[in-house]
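The values are calculated or read from the model by the stated rules, or taken from the named source; none is laboratory data. Computed from a predicted model, the values in this text were never measured in an experiment. Don't worry about glycine lacking a Cβ; one is built from the backbone with ideal geometry, like all the others, and counts go over all protein chains shown.
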Amino acid sequence: MVFATFFWATNLIAGKLMNGYIPPITLCCLRWTIAIIILFPFVIKKLIFNIKIIKQNWLLLLILGLTGIALNPTLTYVGLTYTTAMNCALINTISPLFIILAALIFLKESISTKKTIGLIFSLCGVVFIISHGNLFKILQLSFNIGDLIIILAIIIWALYSTALRFMPNNFDPLLLLFTTSIFAEIFLIPAALIEYHFGTTPVISPLSASVLIYLAIFPAILAFVAWNIGLKTIGNTTCGILSYLITLFSSILAIFFLKENLHIFHIVSFSLIIIGSLLTLEKKQSKTITDQTLPAFTK
């Protein structure tokens with residue numbers, strides 16, 4: 001989960017470099033096209049071997065591809081063209097709340113007192129860092145259509161994280177990402193063609209090509225595989241709260257790569273987020289490993 005949140009934090013930094021180069025829907029489409037090409041040699045045998053289970057779960061895979069792979073990142077990119085980074089960061093603090101709420105409703109997953117306290121600590125840390133230590137700044141924010149799009153993206157991500165729990169435990173993580181990406185492209189390719197017809201022509205340069213490859217390998221492949229494994233291992237509630245680490249890592253990366261200054265409120269916020277995240281980690285009772293509980297990796 002730490003790897004997943006870190007790579008998604010770098011996605012915010014790398015994505016900013018694409019402004020003026022590649023429009024949002026096309027960016028998402030190209031990102032997953034590259035990811036599919038990279039994944040293909042690693043999953044071709046698994047794809048053939050597991051074709052039966054893929055057919056059995058095609059509707060769930062389609063839903064996962066539409067929500068988590070296609071809609072969530074695309075809506076986030078689109079929303080950022082209409083709203084400020086500060087508003088986006090503030091709105092994203094409610095993402096764990098939606099994930100936890102979806103887990104409570106659809107998975108009947110309970111939340112312990114310890115996790116509740118961890119959620120409060122992390123939420124306070126994120127709000128503190130967004131407001132730069134001055135909570136009155138939050139009251140001065142105005143909301144627009146971009147903010148509503150970001151909220152929609154967050155809700156869709158919560159649905160993706162919940163639907164993912166219905167996949168068989170022995171379904172290979174790489175194969176899961178590959179198949180959901182294929183289903184996502186069913187929606188992304190036509191949307192990208194429409195965007196190309198009515199929007200801006202993509203500019204492919206050494207910079208944009210390098211960033212696209214990075215986005216495909218790290219925020220796409222590695223982050224999604226790590227997130228999917230994390231959901232299966234420690235549950236939606238803990239993963240939802242740990243997603244606050246994205247804000248922590250984003251702030252650290254901004255300090256180093258965007259030359260933003262480190263302030264006292266950064267240190268206070270980082271401490272609250274780390275404490276909150278640690279409070280969510282609970283040891284599970286050991287279980288006897290069976291064919292149903294062992295995450296098998298097929299050839």
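Specify the residue that is nearest to the chain's Cα centre (by Cα); the eligible residues are those in the range 81-95 that are in a helix (DSSP H, G or I) and at pLDDT below 75.
Out of the qualifying residues, it is 92.
Quick one: in the range 19-33, of everything that is at pLDDT below 95 and of a type in the set (Val, Ile, Thr), which residue is farthest from the chain's Cα centre (by Cα)?
In this case the residue turns out to be 22.
For the range 186-203, how many residues are within 19 Å of residue 18 (Cβ to Cβ) and within 19 Å of the chain's Cα centre (by Cα)?
1
Quick check on this structure: which one of 109, 185, 195 is of a type outside the set (A, V, I, L, M, F, W, C) and touching a Pro at 6+ places or on another chain (Cβ under 9 Å)?
Result of the check over 109, 185, 195: 195.
Looking for whichever is among the β-branched types (Val, Ile, Thr) and surrounded by 15 or more Cβ atoms within 10 Å (Cβ to Cβ) here; the options are 237, 233, 200. Which one fits?
Numbers: 233 fails: surrounded by 15 or more Cβ atoms within 10 Å (Cβ to Cβ); 200 fails: surrounded by 15 or more Cβ atoms within 10 Å (Cβ to Cβ).
Matching residue, one of 237, 233, 200: 237.
Go through (1) of a type outside the set (A, V, I, L, M); (2) modelled with pLDDT of 95 or more; (3) in contact with a Ser or Thr (Cβ under 9 Å, 6 or more places away or on another chain) and name the single condition residue 40 misses.
The failed condition is (3).
Return only the number of the condition from (1) exposed (fewer than 15 other Cβ atoms within 10 Å of the Cβ); (2) without any contact (Cβ under 8 Å) to a residue 60 or more places away in the chain that residue 264 does not satisfy.
It fails just one condition, (2).
Mind listing whichever residues of the range 168-197 are among the charged types (D, E, K, R) and over 16 Å from residue 50 (Cβ atoms)?
Across the range 168-197, the qualifying residues are 185, 195.
Any idea which of (1) over 30 Å from residue 275 (Cβ atoms); (2) of a type outside the set (Val, Ile, Thr); (3) crowded, with 17+ Cβ neighbours inside 10 Å; (4) modelled with pLDDT of 85 or more is the one residue 68 doesn't satisfy?
(1)
Which one of these does residue 118 not meet: (1) of a type outside the set (D, E, K, R); (2) within 24 Å of residue 252 (Cα to Cα); (3) modelled with pLDDT of 75 or more; (4) in contact with a Phe, Trp or Tyr (Cβ under 6 Å, 6 or more places away or on another chain)?
All conditions are met except number (4).
Restrict the check to the range 276-299 and report whether at least one residue is in a helix (DSSP H, G or I), modelled with pLDDT of 80 or more and either of a type in the set (S, T, N, Q) or surrounded by fewer than 21 Cβ atoms within 10 Å (Cβ to Cβ) (or both).
Restricting attention to the range 276-299, the residues satisfying the condition of being in a helix (DSSP H, G or I) are 276-279.
So of that shortlist, the ones also modelled with pLDDT of 80 or more come out as none.
No: the range 276-299 contains no residue that is in a helix (DSSP H, G or I), modelled with pLDDT of 80 or more and either of a type in the set (S, T, N, Q) or surrounded by fewer than 21 Cβ atoms within 10 Å (Cβ to Cβ) (or both).
Can you name every residue in the range 169-218 that is hydroxyl-bearing (Ser, Thr, Tyr) and within 23 Å of residue 43 (Cβ to Cβ)?
Those that are hydroxyl-bearing (Ser, Thr, Tyr) and within 23 Å of residue 43 (Cβ to Cβ): 179, 180, 181, 214.
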